[in-house]
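Presented below is the structure to which this report refers.
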Amino acid sequence: MADDMGYGDVEALNPTSTIPTPNLNRLAQEGMTFTDAHSPSAVCTPTRYGVLTGRYCWRSDLTQGVLNGYGTPLIETSRETVASFLAEQGYATGIVGKWHLGLGFQRTDGEWDWEKHVDYSPVDVGFDYSLVIPASLDFPPYVYVENHTITGLPDRIHPGSKFPAFLRKGEVGSDFSFIDCLDTLTKRAAEYVAEQAKTEQPFFLYFPLTAPHKPALPHPRFQGKTGLGPYGDFVMQVDWTVGEILNAIDKAGIFENTLVIYTSDNGSYMYRQTDASEPDHVSDSTIQGYYEGNHTANGDLRGTKADIWEAGHRVPFFVRWPEKVKAGSQAGKTITHTDFFATVADVIDVNLPPAAEAAQDSFSFLPLLDGNESAFERAPVIHHSGGAMFAIRDGDWKLILGSGSGGRQQPRGKRFERPWALFNMQDDLSET
């Protein structure tokens, strides 16, 4: 799962894209492209909650915004997750990447005590192996946490920096490098695939990337490659990262019976270049940016990350499963990331726990993978902006229950304030 990749960032989804994405194009060619897939929220923490629990995050204690790197854990240890569910069915379960759902950092006399093990990490909610950074790459503390251990104790303070290399001031671990972070996580994720493939045990790897979210810090080997500035180069690095995981699967000899899903946690934070002359359309200008060139990260979609408009939550979504999914196929039905949990259960033919106990907002899209769209049924999808603006999507129709974006672009409006907006997404994808 990419971090802040827009629908228009992938060549296979955006014919006008000028960023090379050969590995994502390969996923589209070898699997199924979902053209109407959505993150449950237009920002990251709520989406990650939804992916792992099959439950909309507004049902939790976090009803808007995101956690920071020091945030209190959001998923209760008693709550069933995709990982705990699969572990109960005999799967090895691993996570490598960005967590952003709260970790149990400890204090001594009111101060953070980095020498103490964290008392809550992904291994407390179903994962038997975990190597994560606490939150987005621009949120301190900048450390790796392996299971319950901080791998390199903080030995310096980053002073903070501005966009495009946007970072907040905070502690940095002795073994932490911002520019190498994505490579470090990619190497470990590929190793995990290789290690697990040598066993008879089936496995689940959740690999939430740190990019192309700010800080836009592509590795030097990608810098200047796209001609579209740091963000464009970072998207190129994300595509390379996907290729490394696909290569690991190929080398392990598990291509045929491995299900691969690629998506993003929400849309891109980059604005269209054409909006640059319209300052009333831009907020948080210190952490926003424009492309050098004509590429549009969110394609023809209105808005940006955090908005209730389509650019906030319509995301790339590819599924490759050679044993089941027809190569080069498409699915046009509306799905959302909360559906992952029920789909996983359907794939391994195990009943979900009752909705009162788990995955209450999850609907299996396995019929779509079988090419049987008429057999797919789900309740209308509920969209949620960063500022807690709601929308409902039912068939072709989308009703926004508020008077603006509910996110970053003006007018932000207020939730439930009129006038509401009703769009037919078949006729008016750009919500004009």
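Test of understanding: among Lys169, Lys198, which residue is of a type outside the set (Ser, Thr, Tyr), more than 30 Å from Phe255 (Cβ to Cβ) and either loosely packed, with under 14 Cβ neighbours inside 10 Å or at pLDDT 95 or above (or both)? None of the others qualify; the one that does is Lys169. Total residues in the stretch 321-364 satisfying the condition of being over 23 Å from the mean Cα position of the chain (by Cα) and farther than 16 Å from Leu27 by Cβ: the figure is 10. If the condition is being open to solvent by less than 80 Å² (accessible area, probe 1.4 Å) and either of a type in the set (Ser, Thr, Tyr) or over 26 Å from the mean Cα position of the chain (by Cα) (or both), then the stretch 411-423 contributes Glu417, Ala421. Checking Asp349, Asp361 one by one, the residue that is open to solvent by less than 40 Å² (accessible area, probe 1.4 Å), of a type in the set (D, E, K, R) and farther than 19 Å from Leu301 by Cβ is Asp361 and no other.
Filter the stretch 72-91 for residues that are open to solvent by 10 Å² or more (accessible area, probe 1.4 Å) and assigned to a loop (DSSP other than H, G, I, E, B) and give the result. Outline the logic, then answer.
Step one: list which residues in the stretch 72-91 are open to solvent by 10 Å² or more (accessible area, probe 1.4 Å), which gives 72-74, 76-80, 84, 87-91.
Scanning the stretch 72-91 gives Thr72, Pro73, Leu74, Glu76, Thr77, Ser78, Arg79, Glu80, Gln89, Gly90, Tyr91.
Please determine whether any residue of the stretch 315-327 is farther than 15 Å from Leu366 by Cβ, part of a loop (DSSP other than H, G, I, E, B), open to solvent by less than 10 Å² (accessible area, probe 1.4 Å) and modelled with pLDDT of 95 or more. For the stretch 315-327, residues farther than 15 Å from Leu366 by Cβ, part of a loop (DSSP other than H, G, I, E, B), open to solvent by less than 10 Å² (accessible area, probe 1.4 Å) and modelled with pLDDT of 95 or more: present.
Being in contact with a Gly (Cβ under 9 Å, 6 or more places away or on another chain), among the hydroxyl-bearing types (Ser, Thr, Tyr) and modelled with pLDDT under 95: is that true of Thr296 here? Can you show your working first?
On the way: in contact with a Gly (Cβ under 9 Å, 6 or more places away or on another chain): yes; among the hydroxyl-bearing types (Ser, Thr, Tyr): yes; modelled with pLDDT under 95: yes.
Against the criterion (in contact with a Gly (Cβ under 9 Å, 6 or more places away or on another chain), among the hydroxyl-bearing types (Ser, Thr, Tyr) and modelled with pLDDT under 95), Thr296 qualifies.
Where strands (runs of 3 or more DSSP E) fall wholly inside the stretch 92-207, the ranges with 1 or more residues that are out of contact with any helix residue (DSSP H, G or I) (no Cβ under 9 Å at 6 or more places or on another chain) and without any contact (Cβ under 8 Å) to a residue 60 or more places away in the chain are 154-158, 170-173.
The values are calculated or read from the model by the stated rules, or taken from the named source; none is laboratory data. For clarity, every value in this text was computed on a predicted model and none was experimentally measured. Backbone-built Cβ (ideal geometry, glycine too); neighbour counts: all protein chains shown. For the accessible areas, the whole protein counts, side chains as well, though only heavy atoms, and no ligand, DNA or RNA atoms are used. Shrake-Rupley method; radii C 1.70, N 1.55, O 1.52, S 1.80 Å.
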